[in-house]
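Take a look at the structure set out below.
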Amino acid sequence: MDDHNEFQMTTSNSTEFTETVGFSGYSDFHTIDWQKDLARDRMRHRYIIKRRQNSLWELIKGAHDALSGWLCVLLVGLVTGCVAGVIDIGASWMTDLKHGICPQAFWLNREQCCWSSNETTFDAGNCSQWVTWSEIIVSAKDGFGAYIVMYFFYIFWALLFSSLAALLVKNFAPYACGSGIPEIKTILSGFIIRGYLGKWTLIIKSVGIILSVSAGLSLGKEGPMVHIASCIGNILSYLFPKYGRNEAKKREILSAAAAAGVSVAFGAPIGGVLFSLEEVSYYFPLKTLWRSFFCALIAAFILRSINPFGNEHSVLFFVEYSKPWIFVELLPFIFLGVMGGCIGTLFIKANIYWCKFRKCSKLGQYPVAEVIIVTLITAVIAFPNPYTRMNTSELIYLLFSQCGISSGDPICDYKRNFTNVNQAIEIAAAGPGVYHAIWLLILAMIVKLIMTIFTFGIKVPCGLFIPSLCLGAIMGRIVGIGMEQLAYNYSKNWIFSGECTQGDDCIQPGLYAMVGAAAVLGGVTRMTVSLVVIMFELTGGVRYIVPLMAAAMASKWVGDALGRQGIYDAHIALNGYPFLDSKDEFQHTTLAGDVMQPKRNEGLAVITQDSLTIDDIEVLLKETEHNGYPVVVSRENQYLVGFVLRKDLNLALANAKRNFDGISGQSLVIFTNTSIVQNLGPAPLKLKKILDLSPITVTDQTPMETVVDMFRKLGLRQILVTHNGRLLGVITKKDVLRHVKQMDNEDPSTILFN
């Protein structure tokens, strides 16, 4: 049969029927067959190329097919940028709502409300246009009564926002909780989770992340932005059948969408592409790299046009220091990296322990109550400390920034004499405000670390980037202040001489905050290249790439030495997702024959090529739950003919009974081309079209190292095991995962999706 008949399903009933069964989808919680899907796409592409010469219309259809990938990622970038802008604006308005309101225009946040103010000083938004809740209730800004009113409203709004987010997630989209990155990694590795990237998840996650960030919980919106962008990518891919109907091709759009998610979260398009490549994607051809780059660029451009932060910078934490760093500073940078690895590992182990406890205890049955309790504790502890009370992004910006003439925060209380506005900022002794701020920051760091452990994993949308950056920034700023005071007190020492003798501010604590932030984020996620790029795009500090690289490498090495997995891989393992990490190495000496199902000398569920009836096959389908069945020559002579999928069989039998006269339960099912001598019985049913004649096979003596590599690199669902051409058994992806767990002395029953 030529390509025309092969693809168009037009010639006869039998052709139509056999081709229809070839396009069966995948069931929920099943792995996809990359090879089958990519082969199907190549066949479709060859058909389109062949038809292009026939007419102008076919030529236009061919051009549309070639452009559909670029069109799809363009749309994903546009929509992701718009959604991110809405989320940023909504989150900043609702965060400020906890402190007060703009009476002239309640929809403006504190900064926007104060733009119309003619006052010369703008200290933390305290302008006459912005009215705090204490001014409305007790007509006072300061004093005990005002403090109590502000405390009450802070807790009230936090509880209202978080409980609303938890109720929305529980009632409308259970998949909208958490960060979503572990699940996105699993989906991109070829696993089907129906509804995880659906429209309800998109809507509830977008609204929920605004609410949960505004509640003041110790979480960020950056991880969920990847999930939101992937939902947009999944929904828009259905506009293009090339991607919507082919799961392997759809993964290319989802990889580009993940890059756009990071791009809009941080204003870091290049970092987004590298994050998708290094951390999220499983299959990343060069074509996908270009499309991801384009998608991230469009998303960043749209967000920049919306300008949700209201400043001229598209980056989140723009830094203005430009002084070169001193060679001796590499030591504290590496120390920050080591500390980042330790804090990251401590966080991962504590968070996974708490999540396991939540799963096994009654706590897991009351998700909304848990969210309310965590919010209440967070709000009660956070309000008294100004550094935990403020928005986490504001705190990171404060820690990254350089102390100047107009800096009013206690962290900039240096004994400086500013006589000339244009003079360089000199290095000076720290005043009492700095030491007081350090104690408050240490308390803030402890509180944020503990609260993030309990917050990450509750049933609201929650990311991990911003809390990790905040922990690192606090640690880095404290180390930076220490180094600065060392340089001030020992400026004549040979270590600092030549650099700090001129009186310039040669040590910049903000730079240490930046390096510390990268170190902790690296310790938690185990990112390296993408982390460094995200950090310098995030801050605009391109000249500090070497300190960032040193800290990221030290953090990664220390983290890997203390615990193998990053937070996302740890949550994949905790949830039992069937994910074969392409970065891991299989170092055991087992063979394919040791892992295959069934074990040697046990019966194997097979279909013979020409001796089973429809009734026999229906009994086999009822008694077993396999995804597919090997087809052999005969029961006695088990030489392999091919492999048929369960879903295709079910569809084929249902269609045959509905569409063909003379087909009954006693009809023979034939998987060969040879014509059977017709007896008085019912007409046979020929199903050769749904038979895969080239299943991947290995011998029983193949090392498991090779088998695991085949599963990773080819994206297989199953491999058939033979001996001298005779079929012995089947190895599925889940068999491989169970075997890897057993070899690593872990519990294989944690693979939940059996």
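The values are calculated or read from the model by the stated rules, or taken from the named source; none is laboratory data. Not measured: the values here are computed from a predicted model. Positions of Cβ are backbone-derived with ideal geometry, glycine not excepted, and every protein chain shown enters the neighbour counts. Note: areas computed on protein heavy atoms with side chains; ligands, DNA, RNA excluded. Shrake-Rupley method; radii C 1.70, N 1.55, O 1.52, S 1.80 Å.
In square angstrom, rounded to the nearest 10, how much accessible surface does Asp28 have for a 1.4 Å probe?
Roll a 1.4 Å probe over it and Asp28 shows about 60 Å².
Give Lys185/Lys713; Lys170/Lys448; Lys205/Lys349; Lys36/Lys249; Lys61/Lys250; Lys359/Lys622 a once-over and call out the pairs whose C-alpha atoms are over 22 Å from each other.
Values: Lys185/Lys713 15 Å; Lys170/Lys448 26 Å; Lys205/Lys349 27 Å; Lys36/Lys249 11 Å; Lys61/Lys250 20 Å; Lys359/Lys622 33 Å.
Too far apart for the 22 Å limit: Lys170/Lys448; Lys205/Lys349; Lys359/Lys622.
Based on the mean of other beta carbon atoms within 10 Å per residue, what is the order of 463-475, 529-541, 363-375, 513-525, most packed first?
On the way: 463-475: 28.1, 529-541: 23.5, 363-375: 16.9, 513-525: 32.4.
Packing order, densest peptide first, comes out as 513-525, 463-475, 529-541, 363-375.
What do you get for Rg/Rh of the chain when both radii come from the Cα atoms and Rh is the Kirkwood radius?
Working: Rg = 30.5 Å, Rh = 29.0 Å.
My calculation puts Rg/Rh at 1.05.
Taking amide H atoms as placed 1.01 Å from N in the peptide plane, list the residues 5 or more away in sequence, or in a different chain, whose amide H sits under 5 Å from that of Gly642.
Result for Gly642 returns Val631.
What would the Debye formula give as log10 I(q)/I(0) at q = 0.09, 0.12 Å⁻¹ for the alpha-carbon point model of region 501-655, no solvent?
-0.60, -0.74
For the chain, return all DSSP H helices satisfying: extent of Cα atoms along own axis at least 27 Å; mean Kyte-Doolittle hydropathy at least 1.6. Walk me through the numbers before you get to the answer.
Values: long enough: 56-97 (59 Å, 1.19); 144-172 (42 Å, 1.66); 247-266 (29 Å, 0.54); 286-306 (31 Å, 1.38); 330-360 (45 Å, 1.10); 432-455 (34 Å, 1.82); 465-489 (36 Å, 1.04).
Span-like helices in the chain: 144-172, 432-455.
What lysines does Lys141 reach when the alpha-carbon gap must be under 22 Å and sequence neighbours fewer than 8 apart in one chain are set aside?
Cα-Cα hits under 22 Å: Lys98.
Restricting to bridges with both residues inside the chain, how much of the DSSP beta-bridge set is antiparallel, in percent to the nearest 5?
Numbers: 23 of 31 bridges.
Among the beta bridges of the chain, antiparallel pairing accounts for roughly 75 percent.
About its Cα centre, what dipole magnitude does the chain give when the only charges are +1 on Lys and Arg Cβ and -1 on Asp and Glu Cβ, stated in debye to the nearest 20? If you can, show how the numbers build up before the last one.
Working: 63 positive and 61 negative charges, 229 e Å.
The dipole of the chain has a size of about 1100 debye.
From Cα coordinates alone, what are the radius of gyration and Dmax values for region 436-476 in angstrom?
Computed over the Cα atoms of region 436-476, radius of gyration and Dmax are 11.1, 36 Å.
Under 22 Å Cα-Cα from Lys492, which lysines qualify once same-chain neighbours fewer than 8 residues away are excluded?
Filter leaves Lys323, Lys415.
Helix-only estimate, please: 222 nm mean residue ellipticity of the chain, summing -39500 (n - 2.57) across DSSP H runs of length 4 or more and dividing by its residues, to the nearest 500.
-18000 deg cm²/dmol
When you count, for each residue, the other Cβ atoms within 10 Å and take the mean per peptide, how do 258-265, 319-326, 478-485 rank with the highest first?
On the way: 258-265: 34.6, 319-326: 15.6, 478-485: 21.0.
Output ranking for 258-265, 319-326, 478-485: 258-265, 478-485, 319-326.
Say R0 is 41 Å: what FRET efficiency, to the nearest 0.05, do Leu486 and Ala105 get from their beta-carbon distance? Kindly include the intermediate steps, with their values, before the conclusion.
Details: r = 49 Å, r/R0 = 1.20.
Once rounded, the FRET efficiency stands at 0.25.
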